[in-house]
Amino acid sequence: MEAYSQAIGRFIRGLSIDDIPQGVVEKTKLVLLDTLGVALASSTMDFGAMVTRVAQSLGGSPNSRLVGSDSKVAAANAVLANGTLAHGLDYDDTLEEAIVHTGCCAGMTALAVGEEVGAAGRSVLEAAVAGTEVMCKIGIVAPGKFHARGFHPTALCSTFGAAAAAGRLYALELAQWSDAFGICGSQSSGIIEYLADGTWTKRMHPGWAAHGGVIATLLAREGFRGPAKVFEGTHGFFQSFGGPTEYRFEKLLELGKIWETPRLTFKSYPCGSISHPYMDCALKLRNKYAPAPEQIVEVVCRTAQGPVHRLWEPLADKQRPASSYGAKFSLPYCIAVMLIRGRASLDEFTNEAIQDPSVLALAKKVRYELDPSIDYPRHFSGHVRIRLVDGTVVEENQPHPRGGFEDPLPPEEIESKFRANAQLRLPAARADQIVAAVNRLEQLAEIRSLTDLLKPGK
């Protein structure tokens, strides 16, 4: 039997925009636009400046734009920064079942490598689709298993997605794909210990993964060897990161037959995607009943076991997040801020905002109860129940997040989100130009006509 890495390489080499469903093409462009907006917003912030300076110091041939900067560096170093910027606010796309974020890796890699090789927009779009589909399929081979062992799925799967996008643009030969993916298996990494203290390593996971994926393709192109059975091998990727269990390897053979891109969700709030349906419920309760915070005795949320260690425990710590970034992975905080403020924008996740005594007082009343009937991680759902001092109980259920496959955000709302984020760095007219360029991506003679718009200035 052909190794899975070879079969995946065959899919990537044969991919043509003429054969990609139009819905996949349009969704990919929306993901890219959304991703660029998040990256531009991140470029104005402290962590964004830090990772940009590091990429500048690494340098290399000035081929690929650093988002929000005048600088260009080698593609592998550009994706280190750009992938971090694109994921740094936890405001980017998600595939629920795999729990991976795609644009920060596949899209950012396709842009950086595409600019390096002088690719047309059509080729960049094909590369972005390849990277997205590959990392999604790898994620759904083992749904929930990486998180359960303390790993960040995006960090692990993005390495292969970046290699898929980069290798497509570098025109790897069929025999080189096994080496590229084999090398990726030793490049993948990313633990979730950031949850303990709200520190920043999750932000750089896609950037580091994309960097590793680009390096893997460059090494493979030179003839450097990697294990052919990196996916299915006894000591391969899944056995190492997911442990000894059953895996759905057949998903890897669905590439080009069953598409995952249409199932990608867009975020309405800059925080962990699993939180979103709960926040939707809290907003509905606020709008319907306007419960006064001092009248609320408790707020109870039903949850599957899987997200507990990331969003709920230790409960006392989650009820009072130690940092603004940690607040993004605290359901007690996210629910309380929705009930108090009726919104969760970037302004609700600042160092000042997380000290709001009214929000913290309500967050202390938020707890969870386990519900084994929730089909996690296949679906993200939410349930919030509020008990008031007079004994009244009100509740809301949300079977899926707004912005997902079942309840998609209209394109104009995604464009508005992009403009709001982009205008933290760029003038409004420039943001309009980027929207227009992405909308006609497959028609661009050279991708630099888009990437040149990502620098600051008028």
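I need the helices (runs of 4 or more DSSP H) fully contained in the stretch 75-142, keeping only those with at least 1 residues that are out of contact with any Gly (no Cβ under 8 Å at 6 or more places or on another chain) and among the acidic types (D, E). Can you show your working first?
On the way: elements: 75-87, 108-117, 121-141.
Those helices (runs of 4 or more DSSP H) span 108-117, 121-141.
When you go through G107, G60 one by one, which is the residue that is within 18 Å of the chain's Cα centre (by Cα), of a type outside the set (A, V, I, L, M, F, W, C) and either in the same structural domain as L156 (by TED's automatic domain parsing) or under 14 Å from H211 (Cβ atoms) (or both)?
On the way: G60 fails: within 18 Å of the chain's Cα centre (by Cα).
Exactly one residue qualifies, and that residue is G107.
Out of curiosity, is D70 surrounded by fewer than 16 Cβ atoms within 10 Å (Cβ to Cβ) and under 20 Å from A437 (Cβ atoms)? Don't jump to the end; show me each part of the working.
On the way: surrounded by fewer than 16 Cβ atoms within 10 Å (Cβ to Cβ): yes; under 20 Å from A437 (Cβ atoms): yes.
Answer is yes for this residue.
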Exercise. Given the structure, is G68 farther than 16 Å from A110 by Cβ, touching a residue at least 60 places away in the same chain (Cβ under 8 Å), of a type outside the set (K, R) and not in a helix (DSSP H, G or I)?
Worked result: yes
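Going through G198, G207 one at a time, which residue ends up being part of a loop (DSSP other than H, G, I, E, B), under 25 Å from S324 (Cα atoms) and touching a residue at least 60 places away in the same chain (Cβ under 8 Å)? Walk me through it before giving the result.
On the way: G207 fails: part of a loop (DSSP other than H, G, I, E, B).
Checking each option against the conditions leaves just G198.
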Exercise. Name the residues in the stretch 319-350 that are in contact with a helix residue (DSSP H, G or I) (Cβ under 7 Å, 6 or more places away or on another chain) and basic (K, R), would you?
Worked result: R320, K328, R341
For this session: Could you check how many residues of the stretch 235-287 are more than 22 Å from the chain's Cα centre (by Cα), not charged (D, E, K, R) and not assigned by TED's automatic domain parsing to the domain that holds A164?
Result: 5
For this session: Test each condition in (1) free of Cβ contacts under 8 Å to residues at least 60 places away in the same chain; (2) more than 14 Å from the chain's Cα centre (by Cα) for H152 and report the one that comes out false.
Result: (2)
Exercise. Restricting attention to the stretch 286-304, does a residue exist that is crowded, with 18+ Cβ neighbours inside 10 Å and modelled with pLDDT under 95?
Worked result: yes
Exercise. Quick check: is even one residue across the stretch 312-329 of a type in the set (G, A, S), surrounded by fewer than 19 Cβ atoms within 10 Å (Cβ to Cβ), over 24 Å from the mean Cα position of the chain (by Cα) and farther than 22 Å from T102 by Cβ?
Worked result: yes
Problem set entry | Failed item in (1) under 25 Å from the mean Cα position of the chain (by Cα); (2) buried (at least 18 other Cβ atoms within 10 Å of the Cβ), with P227 passing the rest | (1)
Problem set entry | Pair list, Cβ under 7 Å, 6 or more apart: the stretch 434-455 residue under 18 Å from L169 (Cα atoms) and touching a residue at least 24 places away in the same chain (Cβ under 8 Å), other residue of a type in the set (G, A, S) and not in a helix (DSSP H, G or I) | L444/A120; A445/A120; E446/G118; E446/A120; I447/A119; I447/A120
Exercise. Taking the stretch 143-152 on its own, how many of its residues are surrounded by fewer than 24 Cβ atoms within 10 Å (Cβ to Cβ) and not in a helix (DSSP H, G or I)?
Worked result: 5
For this session: State yes or no: is A112 over 25 Å from R425 (Cα atoms), of a type in the set (A, V, I, L, M), touching a residue at least 24 places away in the same chain (Cβ under 8 Å) and not assigned by TED's automatic domain parsing to the domain that holds E348?
Result: no
Problem set entry | Residues satisfying the stated conditions in the stretch 85-130, i.e. in contact with a strand residue (DSSP E or B) (Cβ under 6 Å, 6 or more places away or on another chain), farther than 14 Å from G207 by Cα and not acidic (D, E) | T94
For this session: Please verify whether the stretch 50-64 includes one or more residues that are surrounded by 24 or more Cβ atoms within 10 Å (Cβ to Cβ) and part of a loop (DSSP other than H, G, I, E, B).
Result: no
Problem set entry | Residue, nearest to C157 (Cα to Cα), within the stretch 229-265, restricted to residues that are touching a Gly at 6+ places or on another chain (Cβ under 9 Å) and of a type in the set (V, I, T) | V230
For this session: Would you mind finding the one in G83, G121, G103, G107 that is closer than 19 Å to S273 by Cβ, in contact with an Asp or Glu (Cβ under 8 Å, 6 or more places away or on another chain) and crowded, with 18+ Cβ neighbours inside 10 Å?
Result: G103
Exercise. In this structure, is T84 in contact (Cβ under 8 Å) with a residue 24 or more places away in the chain and in contact with a Leu (Cβ under 9 Å, 6 or more places away or on another chain)?
Worked result: no
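The values are calculated or read from the model by the stated rules, or taken from the named source; none is laboratory data. Every value quoted in this text rests on a predicted model; they were computed, and no experiment measured them. Cβ coordinates were reconstructed from backbone atoms using ideal geometry, including for glycine residues, and neighbour counts include every protein chain displayed.
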